[in-house]
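Below is one structure; the comments refer to it alone.
The values are calculated or read from the model by the stated rules, or taken from the named source; none is laboratory data. Everything numeric here is computed off the predicted structure, so don't read it as measured data. Every residue, glycine among them, receives a Cβ derived from its backbone with ideal geometry; neighbour counts consider all protein chains shown.
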Amino acid sequence: MENEVRTYTVTIYTENQIGLLAQISNIFTRRSLSIWSLSAGASSMEGIHNITIVTDATERKIKEVVQQIEKRVDVVKAFFYTSDKIVYRELALYKMYTDDLLKCDDIEGLLNRYHARIVEMNKTFTVIQKTGHTSETAKLYDELKEFGVRQFVRSGRIAVSRAMQEPVFKFLQKREREAEKIEKLNK
């Protein structure tokens, strides 16, 4: 299992500092790991941001990467997961000429089958949105391309752990209790 290459989602909780994303990216580069997906944004905790990275690696190598990431001063905590330990999605947008799209006899049925929706439609173009796993957004693309997809973009993976609260929350609580103990000892 240690030497088996698997897909991992790395979740990094950080302070929002300039240049940190480049430093984290370099950690992956130095270990010859490709980043397949990257997403960054706010977390549920004020002042703490979340970076989600998807890569293929062995368990040993991903553990090393997470340890290196956690050495960064601006990183609060990092975790790695296999796909069965998280709930994840991506967002895809498909832009097409409206006239070409209307040539589809059952566009409503097609969009319903994929749980997709039209987010913008005018005389010139239509934008369709699909949220799901990579394989799902790719299947919809395959069906839509016969009608002339003009632009296609897919976001990076966003994910939450299957735990009830963000794992970093427990870490921060523990750190706070330890700080309180030290403060009491120093009094």
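The test for being surrounded by 15 or more Cβ atoms within 10 Å (Cβ to Cβ), modelled with pLDDT of 95 or more and not polar (S, T, N, Q) does not hold for residue 110.
If you go through segment 81-122, how many residues are touching a residue at least 60 places away in the same chain (Cβ under 8 Å) and among the small types (Gly, Ala, Ser)? The number of residues fulfilling the criteria is 2. Filtering segment 137-175 to residues that are polar (S, T, N, Q), part of a strand (DSSP E or B) and at pLDDT below 95 leaves only 161.
Kindly state which strands (runs of 3 or more DSSP E) lie completely within segment 25-92 and contain at least 2 residues that are of a type in the set (Ser, Thr, Tyr) and either more than 16 Å from residue 161 (Cβ to Cβ) or in contact with a Ser or Thr (Cβ under 9 Å, 6 or more places away or on another chain) (or both). Before you say what the answer is, go through the steps one by one.
Details: elements: 35-42, 49-57, 75-81.
Those strands (runs of 3 or more DSSP E) span 35-42, 49-57.
Would segment 9-24 turn up any residue that is in a strand (DSSP E or B), farther than 13 Å from residue 158 by Cα and aromatic (Phe, Trp, Tyr)? Explain how you work it out, then say what you get.
Of segment 9-24, the ones in a strand (DSSP E or B) are 9-14.
Now drop any that are not farther than 13 Å from residue 158 by Cα, which leaves 13-14.
Okay, now just the ones that are also aromatic (Phe, Trp, Tyr), so 13.
For segment 9-24, residues in a strand (DSSP E or B), farther than 13 Å from residue 158 by Cα and aromatic (Phe, Trp, Tyr): present.
Scanning segment 136-187 for residues that are without any contact (Cβ under 8 Å) to a residue 12 or more places away in the chain, within 20 Å of the chain's Cα centre (by Cα) and not assigned by TED's automatic domain parsing to the domain that holds residue 97 returns 163, 164, 165.
Here is a yes/no grid of residues against (1) touching a helix residue (DSSP H, G or I) at 6+ places or on another chain (Cβ under 7 Å); (2) in the same structural domain as residue 146 (by TED's automatic domain parsing); (3) under 30 Å from residue 114 (Cα atoms); (4) of a type in the set (A, V, I, L, M):
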position: 37; (1), (2), (3), (4): no, no, yes, no
position: 41; (1), (2), (3), (4): no, no, yes, no
position: 49; (1), (2), (3), (4): no, no, no, no
position: 55; (1), (2), (3), (4): yes, no, yes, no
position: 59; (1), (2), (3), (4): no, no, no, no
position: 62; (1), (2), (3), (4): no, no, no, yes
position: 66; (1), (2), (3), (4): no, no, no, yes
position: 74; (1), (2), (3), (4): yes, no, no, no
position: 95; (1), (2), (3), (4): no, yes, yes, no
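Only residues that are under 16 Å from the mean Cα position of the chain (by Cα), surrounded by fewer than 16 Cβ atoms within 10 Å (Cβ to Cβ) and of a type in the set (A, V, I, L, M) were counted in segment 61-90, giving 1.
Look through segment 27-60, keep the residues that are out of contact with any strand residue (DSSP E or B) (no Cβ under 7 Å at 6 or more places or on another chain) and of a type in the set (Val, Ile, Thr), and return whichever of them is surrounded by the fewest Cβ atoms within 10 Å (Cβ to Cβ). Looking at residues that are out of contact with any strand residue (DSSP E or B) (no Cβ under 7 Å at 6 or more places or on another chain) and of a type in the set (Val, Ile, Thr), I get 29.
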